[in-house]
Structures are given as structure tokens and as C-alpha cells.
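The values are calculated or read from the model by the stated rules, or taken from the named source; none is laboratory data. This one's a predicted model, so the numbers in the text were calculated from it and none came from an experiment. Every residue, glycine as well, gets a Cβ built from its backbone with ideal geometry; the counts of neighbours run over all protein chains shown. Heads up: the accessible areas ignore ligands, DNA and RNA and are worked out on the full protein's heavy atoms, side chains in. Shrake-Rupley method; radii C 1.70, N 1.55, O 1.52, S 1.80 Å.
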Amino acid sequence: MQMLDRRLFLGTASAAALVPAQLVAAPANGFVMWHSPGCGCCLEWAKRMEASFKRKLPVVETGDIQRVKRAQGVPQDLQSCHTALVHGYAIEGHVPPADIQRLIRSKSRIIRGLAVPGMPAGSPGMDVGHGRRDPYKVYAFAPNGRSTVFATHG
């Protein structure tokens, strides 16, 4: 586990200012995922979240997923196929639920969210129907778009 470099996040704006009210379908301690229609790996990830958090994850299909990503402050270089809001944190892509729970326990006010860029084989939701497991990193990102490694898997 790598320590987060606090200097990376200095001088950032409030995360709440980045999230327009019309794109937040859950309260700060709530749970919601946005994805493009027809993306099955997103739904597999949602199942993992529901099992791990022991509650239903509302899934919102949208034809403009890029608008959601911008509203949630997800840096362009960290984007993936779906975006979620969990306990006020933006979660991008196939982030393992255990990493999300670790972030929530930290109660960090400097981290806007976590992201797994792309769709690495073996990550939660991308591990169905094959045995391939590629190594991947989970990044923490700040409201100013800067990021650092939060966890490494594989």
C-alpha cells in the first residue's frame, strides 16, 4: 500500500462544487452508478458493489456519460466505462469494493475519488468468462485533477 502524497492535493477546490445537483441521484452517503446502455461489465461491477456493501446500487443509463464524468470531476486520463457516486466520492471504472471501503473509512477530504482507467482484465466485473488477470492500479484523484496511486492489484 502506497502512502498518498498530500502535496499532490494541496490547493484544491471543494469537491462539492464540482457536482451539479441534477447529476447527483443519491445523497452524499448514498449509492448510484451511471453507465451507457448495453454495457454488461458495468452491471457485473454493480453486482460486486451490492454484495460488498449489502445494499441495492441504483443504476442510471445515460446517453451522455461524458457529461456525468465531467460533473463528477473525473480526470480524462483516468476514465473508464462507468461512473459511480459512493458516500460522496466519485468512483470511476472497475475499482475493487475493498478499495472503496478503505477510502470511506479514511474520511479523506482531499480525495475526490478513485479510478481504474480502461477496463483491465481481472478487475471486478472484468473477470467473467475467462481466467485472464492483468495487473492494474487504482488511482486517487483530487478535485484539481491530480492523481496518485492508491492501490496496486495483480
(message) Can you report the number of residues in region 63-96 which are over 18 Å from PHE150 (Cα atoms) and open to solvent by 30 Å² or more (accessible area, probe 1.4 Å)?
(response) 5
(message) Checking the conditions here, which among ILE104, ILE110, ILE100 is in contact with a Phe, Trp or Tyr (Cβ under 8 Å, 6 or more places away or on another chain), part of a helix (DSSP H, G or I) and open to solvent by 30 Å² or more (accessible area, probe 1.4 Å)?
(response) ILE104
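Residue by residue, here is whether (1) within 15 Å of GLU44 (Cα to Cα); (2) touching a residue at least 40 places away in the same chain (Cβ under 8 Å) holds:
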{"position": "ARG70", "(1), (2)": "no, no"}
{"position": "LEU85", "(1), (2)": "no, yes"}
{"position": "HIS94", "(1), (2)": "yes, yes"}
{"position": "GLY118", "(1), (2)": "no, no"}
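Which residues, counting only those in region 128-143, are surrounded by 16 or more Cβ atoms within 10 Å (Cβ to Cβ) and either without any contact (Cβ under 8 Å) to a residue 60 or more places away in the chain or polar (S, T, N, Q) (or both)?
Narrowing region 128-143 to residues surrounded by 16 or more Cβ atoms within 10 Å (Cβ to Cβ): 136-143.
Matches in region 128-143: TYR136, LYS137, VAL138.
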